[in-house]
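Okay, so here's the structure we're looking at.
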Amino acid sequence: MKYKFKLYNGGIIAIAFSFLFFFSATAQKAGTDKNPYILIPSPSTVVWGNYWSEAKPALSIHSGDYVKVHTLLTSTPERLEAAGVPADKVEKELREVQTVKDRGPGGHVLTGPIYIEEAEPGDILEIKINSIDLAIPYGYNAIGVNGYLSDEIFDRKMMIINLDKEKMIGHFSDNISIPLHPFFGSMGVAPPKEVGKWNSAPPWVHGGNLDNKELVAGSSLFLPIHVKGALFEIGDGHAAQGNGEVDITAIETSLIGNLQFIVHKGKTIHWPRAATATHVITMGCDRDLNAATRIAIREMISYLREEKKLSQADAYMLCSVAADVDITQLVDGNVGVHVMLPKNIFTKN
């Protein structure tokens, strides 16, 4: 198709500029799958150690938008270097955020908060985890003072673990290789206003430090929203972890994730839930393991009653014959339990 412009030169230039501006603006529109918002950790885009209803947003988006987010491992440059990481391999972002003065009561460096315009208390926020990439070629494991066997003495405190991105394995030792399944240990929204600044360590109704290793790329996390905008924060990247996380750390590393945020109206949940390609997952957290287990099972019963229209008794029975009750973690103040129900048992949706 040919276009003829019967205009003076200045008019043609103006039209050409308008076309260029239109296509440039279209190409640069952020928040889409191919052109997500970018959120990089810096002193103004991280929260140190808490989830809080009054936190200042680092980014505002709409439901349906995509965000590519970089998170930092929970450590310091000095500690990493003392354990053997060369100074030039420590992320500059980790060095930069050391200037943050407002910290605590927890110790995690969390990227965010992300404010979702449509999110209101009582809604559900779905976080679709589209991809997760390793940001650095190493991670660490360290025995913490709050580990499950913290009353026992061990002769080693911290280990740097090299990560092979091509083979997706972690080199634990010369004859031990750990398959890598990266996930974000902490993903949460602001808790109810009345609790104030919530320590980043104990998971709760807002999500947070769930340490659920099932939340890999391809999964979705569902969180109840407690304040306007949700105020989502993310961090505590893990390259691999065992259920329990018994010494209080996994393979701690920095990650880059591509996430989509979707607000669901007209439905309410009380505790975090998740879905993978193969399972529906309900979760419970409490200082007492029995209490956390009861919450997780009751949440699965609620899911089956709401979504599959089972009676209470049938839902309870189905949990017993088909669902797995797993310990998520034992070391974060509130312990975690999750129930995994396979989707393939349902012959009809």
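All of Pro203, Pro179, Pro113 fail the test of being surrounded by fewer than 16 Cβ atoms within 10 Å (Cβ to Cβ), modelled with pLDDT of 95 or more, under 20 Å from Leu215 (Cα atoms) and not polar (S, T, N, Q), apart from Pro179.
Quick one: which residue in Ile13, Ile40 is at pLDDT 50 or above and not charged (D, E, K, R)?
Numbers: Ile13 fails: at pLDDT 50 or above.
Among Ile13, Ile40, only Ile40 is at pLDDT 50 or above and not charged (D, E, K, R).
Taking each residue of the range 156-170 that is over 15 Å from Gln241 (Cβ atoms) and looking for partners that are surrounded by fewer than 16 Cβ atoms within 10 Å (Cβ to Cβ) and among the charged types (D, E, K, R) with beta-carbon atoms closer than 9 Å, six or more apart or interchain, yields Met158/Arg79; Lys165/Asp133.
Quick grid of which residues meet (1) over 18 Å from His108 (Cβ atoms); (2) touching a Pro at 6+ places or on another chain (Cβ under 7 Å):
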site: Tyr51; (1), (2): no, yes
site: Gly64; (1), (2): yes, no
site: Val67; (1), (2): yes, yes
site: Leu73; (1), (2): no, no
site: Pro77; (1), (2): no, no
site: Glu91; (1), (2): no, no
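When the range 171-219 is filtered for residues that are over 16 Å from Tyr140 (Cα atoms) and hydrophobic (A, V, I, L, M, F, W, C), the ones remaining, listed by number, are Met187, Val189, Ala190, Val195, Trp198, Ala201, Trp204, Val205, Leu210, Leu215, Val216, Ala217. Apart from one condition, Ser320 fits all of (1) within 24 Å of the chain's Cα centre (by Cα); (2) surrounded by fewer than 21 Cβ atoms within 10 Å (Cβ to Cβ); (3) among the polar types (S, T, N, Q); the exception is (1).
Residue check: Leu149 meets all listed conditions (1) in a loop (DSSP other than H, G, I, E, B); (2) without any contact (Cβ under 8 Å) to a residue 24 or more places away in the chain but one, namely (2). The selection criterion, being touching a residue at least 60 places away in the same chain (Cβ under 8 Å), within 24 Å of the chain's Cα centre (by Cα) and loosely packed, with under 15 Cβ neighbours inside 10 Å, does not hold for Thr328.
Restricted to the range 230-275, and to residues there that are out of contact with any helix residue (DSSP H, G or I) (no Cβ under 8 Å at 6 or more places or on another chain), crowded, with 22+ Cβ neighbours inside 10 Å and small (Gly, Ala, Ser), the residue that is nearest to Ala119 (Cα to Cα) is Ala230. Scanning the range 177-200 for residues that are in contact with a strand residue (DSSP E or B) (Cβ under 9 Å, 6 or more places away or on another chain), farther than 15 Å from Ala119 by Cβ, outside any strand (DSSP E or B) and not small (Gly, Ala, Ser) returns Leu180, His181, Pro182, Val195, Lys197.
I need the full set of residues from the range 276-296 which are farther than 30 Å from Asn130 by Cβ and either in contact with a strand residue (DSSP E or B) (Cβ under 8 Å, 6 or more places away or on another chain) or buried (at least 20 other Cβ atoms within 10 Å of the Cβ) (or both), in order please. Spell out the reasoning first.
Initial filter on the range 276-296 (farther than 30 Å from Asn130 by Cβ): 286-291, 293-294.
If the condition is that a residue be farther than 30 Å from Asn130 by Cβ and either in contact with a strand residue (DSSP E or B) (Cβ under 8 Å, 6 or more places away or on another chain) or buried (at least 20 other Cβ atoms within 10 Å of the Cβ) (or both), then Asp286, Arg287, Asp288, Leu289, Ala291, Thr293, Arg294 are the ones that fit.
Taking first residues from the range 190-212 that are within 14 Å of Ala292 (Cα to Cα) and partners that are charged (D, E, K, R) and not in a loop (DSSP other than H, G, I, E, B), no Cβ contact under 8 Å between residues at least 6 apart in sequence or on separate chains turns up. Scanning the range 331-349 for residues being in contact (Cβ under 8 Å) with a residue 60 or more places away in the chain and surrounded by fewer than 19 Cβ atoms within 10 Å (Cβ to Cβ) gives a total of 4.
The values are calculated or read from the model by the stated rules, or taken from the named source; none is laboratory data. Note that the structure is predicted; figures quoted are calculated from it, not measured. So basically every Cβ, Gly included, is an ideal-geometry build from the backbone, and we count neighbours across all protein chains shown.
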